[in-house]
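Before any comments, here is the structure.
The values are calculated or read from the model by the stated rules, or taken from the named source; none is laboratory data. Everything numeric here is computed off the predicted structure, so don't read it as measured data. Neighbour counts are summed over all protein chains in view; Cβ atoms, including those assigned to glycine, are modelled from backbone coordinates with ideal geometry. Areas reflect the complete protein model, heavy atoms only, side chains present, ligands, DNA and RNA absent. Shrake-Rupley method; radii C 1.70, N 1.55, O 1.52, S 1.80 Å.
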Amino acid sequence: MRNLIVNRPVFILLTAFFCVALSIIYLPILVMIIFSFNSGRYQTLPFREPTFEWYVNLVSDSSFVDSFFTSLFMASLASIAATALGFLAAYAFSKAKIPFYSLFFGLILSPLVIPIILIGIGIRLQIVSVGIEPALWLVLVGQTLYVLPLAVINLKNRIDKIPKSIEEAGISLGSGRLHLIVFILVPICAPTIFATILLTFTFSFDEFVIAYFLTNFEITLPIRIWTSLVTGFEPKINAAGSAVFLFSLILGFIAQFILLFKQSEKQNGIEPRET
Amino acid sequence: MIFLSLTTETGIGFKNFIYFFSTPYLTQALVRSLILASFSTLIAGFISWPLAYFVVFCVKEKWRPLFLLAILAPFWTSFTIRAFSWQLVLSDNGVISWLIEKATGSSVALGILYTMNASIFGLALFGSMLCTFTLYGALVSIDKKLVEAASTLGARPHQIFRDIILPLGLPGWLAGIVLSFIVCIGDYAVPTLLGGGLKPVLAQIMLSILKGTYDLSQAATIATILAVTVIICASPLMFFRLFNRRRALA
């Protein structure tokens, strides 16, 4: 197909464009990682002696460590909650006949097409008008809402591909609906569920606005980094940024890898079993 | 949520809205938000075509996800950190100006950081990832047989592009455009870190209100105006998409 659409000069042109684009995307991140090992106090070249000073600084700064664990905790809970809810929603949307299907599906996906800052401010105004103080558990609710569409889309794509015959076989062998979900559907979808948890985890881990709007004093890692960037620069931000970047990159990459490769390999949803 | 910001408003009347539109500082921010979002989305839209084209048509099927991931990977990581890393590159004593200095021997003040252009650049880069992603989805699902048939009947590559790939890719592209516009107009990190705080966009003002003066009804007004703007700007594209789909079915 390639030769039909793309002739030689166009091919070279596109390849060159792609390479340039990639280098532009990754250049600043590379620079940041390099700077995180630079011993100079200021963010200027030339590069001085390499050092781990900023990383040591980072780990010994309790405000960073605390915020990291807060983020870790929040993101774990939010991702598991979103994936669980998302699985149920995806199952319903995939298998059940729902009145006003597209309306409800649209509603579930709506956080995708609303600027996230509006979600944050909306929840904040709501809780203030009801009289609830901003707190960490609200961030959890907000972030779960924010990553839910991702979970639903991924899981629905997966569940859609499971042939009806599997469910029918289960039911005719005497399995109830709950039993069917827990022992048949969940194991089939296990890789996708795992990938969804990872993906929603990265998104909620890096999420800033909702956490910023819904807390007063508790601080997540993105908030800590943001405060430092806006109020006054600390060189260890380079180190923090590099660490967070690599952390999210690896998680996101694994998740996407599973979603894009594993799924296409097992289109029909049945894994051959050696028994 | 948005409904609530509206009801907070009507309880007080339209005084807040009148205040908004009679304050040059705020209306300018609205205009700035619009300009910023539309320019960066436009640029992103143009960039996404060759990128998606390359991934879909120049790469072997097996490796496509990998190439796509290479473009999308930074997308998973924090917005703030990426905006900040551009600061390092673009600033007056950053990497680019250092390179220029080394090459020409004279020091130059780049003057890019803390301007509108820097914001547009940063957002366009982000938007192009989104557009590439949705466009990729559209292009990948194009039936090979269509292309082969056209080619057998003597279609040249540019004809194939015009008559098959462009119309079939358009829905995916438009979805990406809408999404990236929405993200761009609601963003606060890039305008703050790359555009500077002197000429704020609406999102920045909302952020500073909530953490500063804490005038909630004011924040609600701005949020409502932003939401309405998004709906107004996105609806023609959405409508076009629906229309297109219906035509494709008929």
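How many residues, within region B:60-78, are more than 19 Å from residue A:15 (Cα to Cα) and touching a residue at least 24 places away in the same chain (Cβ under 8 Å)?
2
Which of (1) modelled with pLDDT of 80 or more; (2) farther than 28 Å from residue A:112 by Cβ does residue B:135 not meet, given it meets every other one?
Evaluating residue B:135 over (1) modelled with pLDDT of 80 or more; (2) farther than 28 Å from residue A:112 by Cβ leaves (2) as the failure.
Could you tell me which of the residues B:85, B:97, B:91 is over 23 Å from residue A:8 (Cβ atoms), of a type in the set (S, T, N, Q) and in contact with a Gly (Cβ under 7 Å, 6 or more places away or on another chain)? Lay out the reasoning, then the answer.
Numbers: B:97 fails: in contact with a Gly (Cβ under 7 Å, 6 or more places away or on another chain); B:91 fails: in contact with a Gly (Cβ under 7 Å, 6 or more places away or on another chain).
Going through B:85, B:97, B:91 in turn, just one is over 23 Å from residue A:8 (Cβ atoms), of a type in the set (S, T, N, Q) and in contact with a Gly (Cβ under 7 Å, 6 or more places away or on another chain): B:85.
Which pairs do you get when a residue that is more than 7 Å from chain B (Cβ to nearest Cβ), found in region A:107-119, comes within reach of a residue that is open to solvent by 40 Å² or more (accessible area, probe 1.4 Å) and at pLDDT below 80, reach meaning Cβ atoms under 9 angstrom, with the pair 6+ apart or on two chains?
Taking only residues 6 or more apart or on different chains, the pairs are A:114/B:1; A:114/B:2.
Tell me, please, whether a residue that is of a type outside the set (A, V, I, L, M, F, W, C), within 20 Å of residue A:18 (Cα to Cα) and open to solvent by less than 10 Å² (accessible area, probe 1.4 Å) can be found in region B:143-161.
No, every residue in region B:143-161 fails to be of a type outside the set (A, V, I, L, M, F, W, C), within 20 Å of residue A:18 (Cα to Cα) and open to solvent by less than 10 Å² (accessible area, probe 1.4 Å).
Count, please, the residues in region B:63-79 that happen to be in contact with a Leu (Cβ under 7 Å, 6 or more places away or on another chain), in a helix (DSSP H, G or I) and buried (at least 22 other Cβ atoms within 10 Å of the Cβ).
Of the residues in region B:63-79, 2 are in contact with a Leu (Cβ under 7 Å, 6 or more places away or on another chain), in a helix (DSSP H, G or I) and buried (at least 22 other Cβ atoms within 10 Å of the Cβ).
Restricting attention to region B:155-210, which residues are within 20 Å of residue B:72 (Cβ to Cβ), within 11 Å of chain A (Cβ to nearest Cβ) and out of contact with any Pro (no Cβ under 6 Å at 6 or more places or on another chain)?
Those that are within 20 Å of residue B:72 (Cβ to Cβ), within 11 Å of chain A (Cβ to nearest Cβ) and out of contact with any Pro (no Cβ under 6 Å at 6 or more places or on another chain): B:175, B:178, B:179, B:181, B:183, B:184, B:187, B:189.
Being at the interface with chain B (Cβ under 10 Å from one of its Cβ atoms) and among the β-branched types (Val, Ile, Thr) is the filter here, so list the residues in region A:202-226 that pass it.
A:202, A:209, A:223, A:225
Given the options A:251, A:198, name the one that is more than 9 Å from chain B (Cβ to nearest Cβ) and in contact with a Ser or Thr (Cβ under 8 Å, 6 or more places away or on another chain).
Details: A:251 fails: more than 9 Å from chain B (Cβ to nearest Cβ).
Only one candidate qualifies: A:198.
Would you mind telling me which numbered condition in (1) out of contact with any Pro (no Cβ under 8 Å at 6 or more places or on another chain); (2) modelled with pLDDT under 80 residue A:238 fails?
So the condition that residue A:238 fails would be (2).
For the structure I just gave you, tell me whether residue B:43 is in contact with a Ser or Thr (Cβ under 8 Å, 6 or more places away or on another chain) and either under 24 Å from residue B:142 (Cβ atoms) or among the small types (Gly, Ala, Ser) (or both). Walk me through how you get there before you give the answer.
On the way: in contact with a Ser or Thr (Cβ under 8 Å, 6 or more places away or on another chain): yes; either under 24 Å from residue B:142 (Cβ atoms) or among the small types (Gly, Ala, Ser) (or both): no.
Spelling it out, it is not the case that residue B:43 is in contact with a Ser or Thr (Cβ under 8 Å, 6 or more places away or on another chain) and either under 24 Å from residue B:142 (Cβ atoms) or among the small types (Gly, Ala, Ser) (or both).
Can you confirm whether residue B:221 is polar (S, T, N, Q), modelled with pLDDT under 80 and open to solvent by less than 10 Å² (accessible area, probe 1.4 Å)? Full working, then the answer.
Values: polar (S, T, N, Q): yes; modelled with pLDDT under 80: yes; open to solvent by less than 10 Å² (accessible area, probe 1.4 Å): yes.
So residue B:221 fits the description; yes.
Does region B:57-70 hold any residues that are out of contact with any Lys or Arg (no Cβ under 9 Å at 6 or more places or on another chain) and at the interface with another protein chain (Cβ under 7 Å from one of its Cβ atoms), and which are they?
Of the residues in region B:57-70, the ones out of contact with any Lys or Arg (no Cβ under 9 Å at 6 or more places or on another chain) are B:61-70.
Passing the criteria: B:65, B:69, B:70.
Conditions (1) over 19 Å from the mean Cα position of the chain (by Cα); (2) closer than 30 Å to residue B:90 by Cα, marked per residue:
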position: B:163; (1), (2): yes, no
position: B:168; (1), (2): yes, no
position: B:193; (1), (2): no, yes
position: B:211; (1), (2): yes, yes
position: B:216; (1), (2): yes, no
position: B:227; (1), (2): no, no
position: B:234; (1), (2): no, no
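Tell me which residues, restricted to region A:164-209, are farther than 30 Å from residue B:75 by Cβ and of a type in the set (Val, Ile, Thr).
Residues satisfying the conditions are A:166, A:171, A:181, A:182, A:184.
Assigned to a helix (DSSP H, G or I) and either within 19 Å of residue A:240 (Cβ to Cβ) or at pLDDT below 85 (or both): which single residue out of A:45, A:58, A:77 fits that description? Steps first, please.
Values: A:45 fails: assigned to a helix (DSSP H, G or I); A:77 fails: either within 19 Å of residue A:240 (Cβ to Cβ) or at pLDDT below 85 (or both).
It is A:58.
Please go through region A:15-37 and give me each residue that is over 19 Å from residue B:83 (Cβ atoms) and more than 9 Å from chain B (Cβ to nearest Cβ), ordered by number.
The answer is A:16, A:19, A:20, A:37.
Looking at B:150, B:118, B:124, B:138, can you tell me which residue is assigned to a helix (DSSP H, G or I), touching a residue at least 12 places away in the same chain (Cβ under 8 Å) and touching an Asp or Glu at 6+ places or on another chain (Cβ under 9 Å)?
On the way: B:118 fails: touching an Asp or Glu at 6+ places or on another chain (Cβ under 9 Å); B:124 fails: touching an Asp or Glu at 6+ places or on another chain (Cβ under 9 Å); B:138 fails: touching an Asp or Glu at 6+ places or on another chain (Cβ under 9 Å).
The unique qualifying residue is B:150.
Go through region B:83-98 and count every residue that is modelled with pLDDT of 75 or more and within 7 Å of another protein chain (Cβ to nearest Cβ).
Residues that pass the stated criteria total 5.
Being open to solvent by less than 30 Å² (accessible area, probe 1.4 Å), modelled with pLDDT under 85 and closer than 30 Å to residue A:217 by Cβ narrows it down to one of A:35, A:64, so name that one.
Details: A:35 fails: closer than 30 Å to residue A:217 by Cβ.
Result of the check over A:35, A:64: A:64.
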